[in-house]
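Asker: This is the structure, below, for whatever I ask next.
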Amino acid sequence: MFFLNQAHHAVRTRLEAALGALEMTSIQYTVLSVIGRHEGLSSAELSRRFYVTPQTMNELIGGLDRRGLILREADPANRRILRMRVTPEGRNLLDQCDAQADRVEQEVFAVLSDEDYEAIAELTRKVAQSLRMREEKGG
């Protein structure tokens, strides 16, 4: 397990540096990316997805909103719920962040053969899927 943590830390450090040039952090990038893929999520849904308190998520979302990267609009069925979507400015920045993340990923995995890369990707997906399924079952 320690080796996963070491790899995660090394990759995250590189990603933070690359995203820093765009005035983004890795968590901001991840949240913006999730909103971009799942338009209409609420802050509460995001906080559950990221295992953070609603207050923490509201701070993250507030920063993205102040920068004009997302829009929050009242849900027609429940006006207290704000649904989010990425703005054109947010989409542009997300595209730039994706390019940086892809570059970092290519650098990190350059030491692996294509076969080794595919193997580690598949194993990682299996572990993540298994953990999600356990979580959904409450275990």
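The values are calculated or read from the model by the stated rules, or taken from the named source; none is laboratory data. Fair warning: this is a prediction, and the values are worked out from it, not measured in the lab. In this analysis, Cβ positions are derived from the backbone assuming ideal geometry, glycine residues included, and neighbour counts consider all displayed protein chains. In case anyone asks, the SASA skips ligands and DNA or RNA and just uses the protein heavy atoms, side chains included. Shrake-Rupley method; radii C 1.70, N 1.55, O 1.52, S 1.80 Å.
Asker: When only Cα pairs under 8 Å and 6 or more residues apart are kept, what is the percent relative contact order across segment 1-96?
Answerer: Computed over segment 1-96, the figure is 27 percent.
Asker: Once label points are set 7 Å from the Cα along Cα→Cβ at both Phe109 and Thr25, what is their separation, rounded to one decimal in nm?
Answerer: 2.7 nm
Asker: When the helices in the chain are scored as -39500 (n - 2.57) per DSSP H run of 4 or longer and the sum is shared across all residues, what 222 nm value do you end up with, to the nearest 500 deg cm²/dmol?
Answerer: It lands at -23000 deg cm²/dmol.
Asker: Which percent of the accessible area of the chain is formed by carbon and sulfur heavy atoms (probe 1.4 angstrom)?
Answerer: Here it works out to 54 percent.
Asker: Under the classification rounded if a/c is under 1.5, otherwise prolate if a/b is larger than b/c and oblate if not, where does segment 1-42 fall, given a ≥ b ≥ c as square roots of the Cα gyration tensor eigenvalues?
Answerer: It is oblate, given that a/c is not under 1.5 and a/b is not larger than b/c.
Asker: In terms of the Cα gyration tensor, with a ≥ b ≥ c the square roots of its eigenvalues, is segment 66-139 rounded because a/c is under 1.5, prolate because a/b exceeds b/c, or oblate?
Answerer: Since a/c reaches 1.5 but b/c is at least a/b, the shape of segment 66-139 is classed as oblate.
Asker: State to the nearest 20 debye the size of the charge dipole of the chain about its Cα centre, where the only charges are +1 on K and R beta carbons and -1 on D and E beta carbons. Show your work: numbers first, answer last.
Answerer: Numbers: 19 positive and 21 negative charges, 162 e Å.
In debye, rounded to 20, the chain gives about 780.
Asker: Starting from the Cα gyration tensor of the chain, take the square roots of the eigenvalues, sort them a ≥ b ≥ c, and report rounded, prolate or oblate (rounded when a/c is under 1.5, otherwise prolate if a/b is larger than b/c, else oblate).
Answerer: Since a/c reaches 1.5 but b/c is at least a/b, the shape of the chain is classed as oblate.
Asker: Using a Gaussian network model on the chain with a 10 Å cutoff between Cα atoms, which of Ala18, Ala128, Ala110 fluctuates the most?
Answerer: Per the Cα network of the chain with a 10 Å cutoff, Ala128 tops the list.
Asker: Per residue, how much accessible area does segment 8-139 have with a 1.4 Å probe, in Å²?
Answerer: Values: 8850 Å² over 132 residues.
Value for segment 8-139: 67 Å² per residue.
Asker: Would you give the gap between the C-alpha center of segment 50-67 and the C-alpha center of segment 111-136, rounded to a whole Å?
Answerer: 28 Å
Asker: Determine the sum of side-chain charges near Ser26: Lys and Arg each +1, Asp and Glu each -1, restricted to other residues whose C-beta is under 15 angstrom from that of Ser26.
Answerer: Within the 15 Å Cβ shell, the charges total -2.
Asker: Hey, quick one: spin label on Gln96, modelled 7 Å out along Cα-Cβ, who in segment 57-75 has an amide N within reach, i.e. under 18 Å?
Answerer: 63-71, by backbone N distance to the label point.
Asker: By how many nm would the segment from Glu59 to Glu118 grow when fully extended, if each residue of separation counts as 0.36 nm and the alpha-carbon distance is taken off? Walk me through the intermediate numbers first.
Answerer: Values: separation 59, 0.36 × 59 = 21.24 nm, distance 3.67 nm.
My answer for the length gained is 17.6 nm.
Asker: Can you give me the span-like helices of the chain, meaning DSSP H runs with 20 Å or more of Cα extent along the axis and Kyte-Doolittle mean at or above 1.6?
Answerer: none
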